[in-house]
1. Regarding the stretch 13-21, can at least one residue be identified that is in the same structural domain as Lys74 (by TED's automatic domain parsing) and in a strand (DSSP E or B)?
2. Among the numbered conditions (1) in a helix (DSSP H, G or I); (2) exposed (fewer than 12 other Cβ atoms within 10 Å of the Cβ), tell me where Arg7 comes up short.
3. If a residue has to be free of Cβ contacts under 8 Å to residues at least 24 places away in the same chain, more than 12 Å from Val165 (Cα to Cα) and loosely packed, with under 14 Cβ neighbours inside 10 Å to count, how many in the stretch 127-154 make the cut?
4. How many residues are of a type in the set (A, V, I, L, M) and either loosely packed, with under 14 Cβ neighbours inside 10 Å or not assigned by TED's automatic domain parsing to the domain that holds Val36 (or both) if we restrict to the stretch 59-71?
5. Of the numbered conditions (1) at pLDDT 95 or above; (2) in contact with a Ser or Thr (Cβ under 6 Å, 6 or more places away or on another chain), Leu121 fails exactly one; give the number of that condition.
6. I'd like the full set of residues that are among the charged types (D, E, K, R) and either in contact with a Phe, Trp or Tyr (Cβ under 7 Å, 6 or more places away or on another chain) or under 18 Å from Gly79 (Cα atoms) (or both), limited to the stretch 14-29.
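The values are calculated or read from the model by the stated rules, or taken from the named source; none is laboratory data. Here the structure is a predicted model, which means the values were calculated and not measured. In this analysis, Cβ positions are derived from the backbone assuming ideal geometry, glycine residues included, and neighbour counts consider all displayed protein chains.
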Amino acid sequence: MTAERIRTKKLLAEVTKDLTPEQVDEFRKAFSSIDVNKDGKISNKELVQAARLLGITITAKEGKELIQTVDLNKDGNIGFEEYILLMKDTYLQIDLNCERYKASFMLIDTNKDGVISFEELVRALAFKKEQYDLNQVRELFSSADTDNDGIINFKEFATSSLPNVVFAEK
């Protein structure tokens, strides 16, 4: 085994130590979808194309600068281990936010039926430092209840402005 291969294995073990096997698999799938030519590296061109598919416009220069932040072997590309370094903090932050959203949702859902009613939202916001009148609560509720069924499910809650309102100072 070459010194480079040993170093790569050690790096992979180090960057994945806080991740579950399922999370590593998710990273591998995402990496593979970006690595269009399947050479085991994400080039600047592939990075810029992937960003565009996500609705993010970055220039070739910005892509190169991003690659340089994690390009440990200085080959001008992002290998799988380097990709994990780049994405791990973002992924863990998203995971943490999801857990916070679930905890908040469960606190507001006082009758534990898996949805938030208007009354439950009124009660939850009654304890906030910023006072909300019924019209403001109705507005918040309506904007979150995207399917207009009179209740807010977890997906609606997580994709609305409610988590920001709930997380704001009491």
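1. no
2. In the conditions (1) in a helix (DSSP H, G or I); (2) exposed (fewer than 12 other Cβ atoms within 10 Å of the Cβ), Arg7 misses (2) alone.
3. 10
4. Within the stretch 59-71, the subset of a type in the set (A, V, I, L, M) is 60, 66-67, 70.
So of that shortlist, the ones also either loosely packed, with under 14 Cβ neighbours inside 10 Å or not assigned by TED's automatic domain parsing to the domain that holds Val36 (or both) come out as 60.
Residues in the stretch 59-71 being of a type in the set (A, V, I, L, M) and either loosely packed, with under 14 Cβ neighbours inside 10 Å or not assigned by TED's automatic domain parsing to the domain that holds Val36 (or both): 1 in total.
5. (2)
6. Within the stretch 14-29, Glu14, Lys17, Asp25, Glu26, Arg28, Lys29 meet the criteria.
Yes/no per residue for (1) under 30 Å from Ser161 (Cβ atoms); (2) surrounded by 11 or more Cβ atoms within 10 Å (Cβ to Cβ); (3) of a type outside the set (A, V, I, L, M, F, W, C):
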site	(1), (2), (3)
Ala51	yes, yes, no
Thr57	yes, no, yes
Asn73	no, yes, yes
Asp109	yes, yes, yes
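So that you can scan it fast, the table gives a plain yes or no per residue for (1) touching a strand residue (DSSP E or B) at 6+ places or on another chain (Cβ under 7 Å); (2) in contact (Cβ under 8 Å) with a residue 12 or more places away in the chain:
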residue: Glu46; (1), (2): no, yes
residue: Gly55; (1), (2): no, no
residue: Leu66; (1), (2): no, yes
residue: Leu86; (1), (2): yes, yes
residue: Glu99; (1), (2): no, no
residue: Met106; (1), (2): no, no
